[in-house]
Amino acid sequence: MTAMESIDIAFPQTLPEALALMADEATRGQPLAGGTDLMVQWESGVRPPPARAIDIKHLHELHEISETHDELVIGGAVTHAHLRRTAMIRHYAPALAEAAATVGGGQIQAMGTIAGSIANASPAGDLAPSLLAADARVVVASVRGERNLSLQSFIRGYRKIDLAPDELIVRFVIPVKKPTEREQFRKLGPRAAQAISKIMGSYRGEIRDGTITRFSVALGSVAPTAVRLPDVEALVVGRTLDAALLDEAERCAAASVKPITDIRSTAEYRQWVSGRLIRGFLEHVGADN
Amino acid sequence: MKKITRTWIINGEERSVEFPPARRLLDVLRENLVLTGTKEGCGEGECGACTVMIDGEIVVSCLLAAGQVRDGSEILTVEGLERTPGGRLLQNAYLEKGAAQCGFCIPGMLVSSYAFLRRRPDITDASIKDAHAGNICRCTGYIKIIDAVKAAAERWPADEVVKS
């Protein structure tokens, strides 16, 4: 029997049952949904397998996909495959659907979940930038009740999230893209599938009467967490999109990220590409406007 | 370690099996159920050799704790393909086009092809490549695999289609 096979998995049938298990130190375990990050870490020994895990993959409360008022609600255990296929998500949060379609391959997409991607809190996680650019919120729950936080404040640092030991990520609440807004996700890596990104990003923006009225942009793999670029946003909002602004924004973006060199890319390349991505996003929001 | 029992529909047959809950589905299939058609390549979800289909979705069985597969789930491994007209058609298309070289990736590749064709997608090079992006062929024999999927798509049985 392998070390991993010694993990005791609990199989609660409802969210309240799962939260009750999480509430008690004697029954608490590592929440396990798609397993695409955790199983690799446990099998390779990067992280020691926990004594206990709690299977939350099938909890029906975590599979909601709905639209209410001006918001999309997406349950934590919704998979990348469903994010990319669901018409409502493709319509109201297209960059999120695009990002989900670039994760791993079809198998990883059918297993990995939106909450798992955020909980893993890797700076190279593909879903965070489009959620950040859309001002998404995250709802976490415990037997003590629910907390509703901005995703930006929920992601605390490199592989750190604002989640108490007894809490589970329940759902994401995403303001819908308005008909006048555009968004796009872009990713650079050595190949399209099964490769962790060198850098990726997403934006949501709007131009009215020639003036940029919204430009929210976030990049991944340029800092310890996925980050919004407030300097770039402040620079371009209220301005007219022209060649000079594109140059300014590209320089501003490159200057406002502090990437590192690692096995996947160099700091210099990531800095340069950050500028180019921002230029591309501005050209995208400005096309035919 | 306590064991659990799960009852699944594997390749159309109801089978009950007992295992530690965190045992990989790959190991339960190969060792407990002696369905050795499913291969282990990388063991970390990169290569797709261990791909099986569960309730219509392809998964890598090396990254799935078998206990997470619920009772009543329908599991298709490469051994189950010969049970359906579409599966047999697909196997023959791989043979006709010479899609298998060393063959190690083929069980996973076939399952990905089958899941793809069941969704009756638009058949283009891009959609076929996307559907097999999680399956790596170490012999790099991708062209003939794409040809085989296209050939199978042309004659795909209408009653082996699901809505996505």
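Pull up segment B:1-48, narrow it to residues that are open to solvent by less than 60 Å² (accessible area, probe 1.4 Å), assigned to a strand (DSSP E or B) and charged (D, E, K, R), then point me to the one that is farthest from the other protein chains (Cβ to nearest Cβ). The residue in question is B:R6.
Given the residues A:R264, A:R186, A:R279, A:R182, which is the only one that is outside any helix (DSSP H, G or I), charged (D, E, K, R) and surrounded by fewer than 20 Cβ atoms within 10 Å (Cβ to Cβ)?
Details: A:R186 fails: surrounded by fewer than 20 Cβ atoms within 10 Å (Cβ to Cβ); A:R279 fails: outside any helix (DSSP H, G or I); A:R182 fails: surrounded by fewer than 20 Cβ atoms within 10 Å (Cβ to Cβ).
Going through A:R264, A:R186, A:R279, A:R182 in turn, the sole match is A:R264.
Can you name every residue in segment B:137-153 that is assigned to a helix (DSSP H, G or I) and among the charged types (D, E, K, R)? Break it down stepwise before answering.
In the first step, residues of segment B:137-153 are kept if they are assigned to a helix (DSSP H, G or I); the result is B:142-153.
Selection gives B:K144, B:D147, B:K150.
Consider segment A:30-62 and keep the residues that are part of a helix (DSSP H, G or I) and more than 11 Å from chain B (Cβ to nearest Cβ). The one that is surrounded by the most Cβ atoms within 10 Å (Cβ to Cβ) is A:L62.
Of everything in segment B:154-164 that is more than 14 Å from chain A (Cβ to nearest Cβ), not in a helix (DSSP H, G or I) and not hydrophobic (A, V, I, L, M, F, W, C), the residue that is farthest from B:E96 (Cα to Cα) is B:D159. Figure legend. Inter-residue proximity from segment A:37-55: first residues under 19 Å from B:V69 (Cβ atoms), second residues of a type in the set (F, W, Y) and open to solvent by 30 Å² or more (accessible area, probe 1.4 Å), beta-carbon distance below 7 Å, spacing 6+ or different chains. Indicated pairs: A:D55/A:F11.
Helices (runs of 4 or more DSSP H) wholly in segment B:56-136 with at least 1 residues that are surrounded by 17 or more Cβ atoms within 10 Å (Cβ to Cβ), more than 12 Å from chain A (Cβ to nearest Cβ) and in contact with a strand residue (DSSP E or B) (Cβ under 8 Å, 6 or more places away or on another chain) - which ones? Give the derivation first.
Details: elements: B:85-97, B:106-118, B:125-131.
In segment B:56-136, B:106-118 are the helices (runs of 4 or more DSSP H) which contain 1 or more residues that are surrounded by 17 or more Cβ atoms within 10 Å (Cβ to Cβ), more than 12 Å from chain A (Cβ to nearest Cβ) and in contact with a strand residue (DSSP E or B) (Cβ under 8 Å, 6 or more places away or on another chain).
For segment A:92-116, a residue qualifies if it is surrounded by fewer than 24 Cβ atoms within 10 Å (Cβ to Cβ) and free of Cβ contacts under 8 Å to residues at least 24 places away in the same chain, and the qualifying residues are A:A97, A:A101.
Checking the conditions here, which among A:V237, A:V257, A:V232, A:V222 is in contact with a Leu (Cβ under 8 Å, 6 or more places away or on another chain) and touching a residue at least 24 places away in the same chain (Cβ under 8 Å)? If you could, list the steps in order and put the result at the bottom.
On the way: A:V237 fails: in contact with a Leu (Cβ under 8 Å, 6 or more places away or on another chain); A:V232 fails: in contact with a Leu (Cβ under 8 Å, 6 or more places away or on another chain); A:V222 fails: in contact with a Leu (Cβ under 8 Å, 6 or more places away or on another chain).
Result of the check over A:V237, A:V257, A:V232, A:V222: A:V257.
Identify all residues within segment A:1-35 that are modelled with pLDDT of 95 or more and of a type in the set (D, E); write none if there are none. Quick ask: steps written out before the conclusion?
In the first step, residues of segment A:1-35 are kept if they are modelled with pLDDT of 95 or more; the result is A:7-35.
Listed by number, the residues that qualify are A:D8, A:E17, A:D24, A:E25.
Condition first: within 24 Å of the chain's Cα centre (by Cα), in contact (Cβ under 8 Å) with a residue 40 or more places away in the chain, at negative phi and not in a loop (DSSP other than H, G, I, E, B). Can you find one or more residues in segment A:4-14 that meet it? The answer is no, given that none of the residues of segment A:4-14 is within 24 Å of the chain's Cα centre (by Cα), in contact (Cβ under 8 Å) with a residue 40 or more places away in the chain, at negative phi and not in a loop (DSSP other than H, G, I, E, B).
The values are calculated or read from the model by the stated rules, or taken from the named source; none is laboratory data. Predicted, not measured: the structure shown is a model, and the values here were computed from it. Don't worry about glycine lacking a Cβ; one is built from the backbone with ideal geometry, like all the others, and counts go over all protein chains shown. When the accessible area is computed, the model is the full protein with side chains, heavy atoms only, and any ligands, DNA or RNA have been set aside. Shrake-Rupley method; radii C 1.70, N 1.55, O 1.52, S 1.80 Å.
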